[in-house]
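Where a number appears in this text, it was derived from the coordinates with a stated rule and is not lab data. Quantities reported herein were computed from a predicted structural model and do not represent experimental measurements. Virtual Cβ from ideal backbone geometry, glycine too; neighbours counted across all protein chains shown.
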Amino acid sequence: MNRRSFVRGAGLVAAGPLLGFSPLRAAPAFPVVRPAASQRRFRSRAVESAIREFQQQVKDPELGWLFGNCFPNTLDTTVTHTTLAGRPDTYVITGDIDAMWLRDSSAQVWPYLPLAPHDAALRELIAGVLNRQTQCILQDPYANAFYADKTRVGEWKSDHTAMQPGVHERKWEIDSLCYPIRLGYHYWKTTGDTQPFDAQWRRAIDLIVKTFREQQRRGGPGPYHFQRETLTSTDTQPLAGYGYPVRPCGLIASAFRPSDDATLLPFLVPGNFFAVASLRQAALMLYDIHHEQNGYNDLMAFADEVATALRQHALVTHPELGPVYAYEVDGYGGHILLDDANVPSLLSLPYLGALPLNDPVYQNTRRLALSAANPFFYKGSAAEGIGGPHVGADMIWPLAIIMRGLTSNDEAEIRGCVQALRATHAGTGYMHESFHKDDAGKFTRPWFAWANTLFGEFLWKVYQERPALLG
């Protein structure tokens, strides 16, 4: 049975647990939904070895099946790897959208980094992602998604912003420029390879810093504006496309969230925390790879400036939880208390290396995010978890359940996240963008590689650190 025909019947399969039976668990074997070897876009010996080890050691056959489908999904279905001018070049789509997001492409290959030292081909593939991202940033640092063909004019060509060929979408999001730094820093630390961090990469770092400085808005709103002719308010920005006013305070404005939804208050707090961590990582790379003391000093000072502004403006006292981090602020004292499923989220900050897990304010904020105090936290008969406005009310994102598990030291909580994800794939063998809190068979995006590969990362982490939780 192929994946497409199996997905069509997923609604009936998903109804099983609610009716008191589970056809998949009763079957002697799970259906083959992973693409055949001849149809996979890239093969990694190290990834295949990890799959064999997991399936041999973990006794739950459904978890073994899910890991074998999800962990390699980015490599199986989304990458185009080649060489360009003698250098590795890798284009990564999100899944069912033929465009490369700076965020998603980084997150999709991130889980393979620990395996890269043991697989030269995999290392080349990730280096190719970094090379491609450098070219994207140099083309337009305000864009979030790009095409493989730099001459292609996309579906959003009528957006009121400085669109150009090769750009799929031009929604300015802080994390779009942070993710490539995070991936590059850890690639360098993991492999020791400095080839992707050449003079063009150095120019991209300057452009990232320039863009961040412009969006501190100390000298006005800056060059970026965005409007779309749409009935969906989260797809556009008011006030001629510049968004609602901010009071300059050292924070960086972001027109859009990592969900690609418009911010309400432009100082997006998770994005600013991520920027602090990324600027510090870039500073270390400038010092160690390019031997730049002045560049190191400048980036570390910039990171400290944003960190100070976060302490001054992102902290809010919740009447029940005490000090918490707001999701968005405006520098005038305005703030929004919520968390969104997409990463960077407030929940994800320790995973991104932006805050320690034991930070007391983070722990308070975590309790807010995972409770009814968060307007986008949903609890139903299928599962509980965080969603967001992107796909509407009552829709839980597996990304957020995975992130809850990745940022927890509580074994009961981790086990609960594994079980929730195991129970809500709707019989497809894959994670989805979102599912209804009361019916996992009602889901969006059957092919969403980021969620799949991140789930693989989560299962592999639990297997290595707490294998008993997978029993």
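At-a-glance table
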item	result
Sequence ranges 387-398, 350-361, ranked by mean other-Cβ count within 10 angstrom, highest first	387-398, 350-361
3J(HN,Hα) from dihedral phi, segment 348-364, Karplus parametrisation 6.51/-1.76/1.60, rounded to Hz, x for glycine, proline	7, 4, x, 4, 7, x, 8, 8, x, 4, 8, 4, x, 5, 4, 4, 4
Segment 436-459-segment 158-184 distance, computed between alpha-carbon centres (Å)	24
Residue-span extension gain [ALA162 to ARG422] - 0.36 nm each, minus C-alpha spacing	89.2 nm
Cα centroid of segment 285-347 to Cα centroid of segment 89-103, whole Å	28
At R0 = 41 Å, FRET efficiency that the Cβ-Cβ distance of ARG87 and ALA468 yields, to 0.05	0.40
Dimensionless Rg/Rh of segment 109-256 - Kirkwood Rh, Rg from C-alpha atoms	1.02
Cut-off 9 Å between beta-carbons: net charge of the residues surrounding GLY388, Lys and Arg +1, Asp and Glu -1	-2
Dimensions (Å) - segment 109-181, Cα atoms, principal axes, largest first	46, 25, 18
Partner lysines for LYS442 [C-alpha distance under 20 Å; skip if fewer than 8 residues away on the same chain]	LYS379
Signed unit charges on C-beta, dipole axis of the chain, positive-most listed residue ILE402, HIS425, CYS249	HIS425
Rg/Rh ratio calculated on Cα atoms of segment 289-393 (Kirkwood radius)	1.06
Potential extension, SER371-ARG52 segment - 0.36 nm per residue separation minus Cα distance	111.1 nm
Where labels lie 7 Å past Cα in the beta-carbon direction, separation of ARG45 and ALA29 in nm	2.7
With at most 15 neighbouring Cβ atoms within 10 Å, loop GluC sites (Glu not before Pro) (DSSP) excluded, longest segment of the chain	1-154
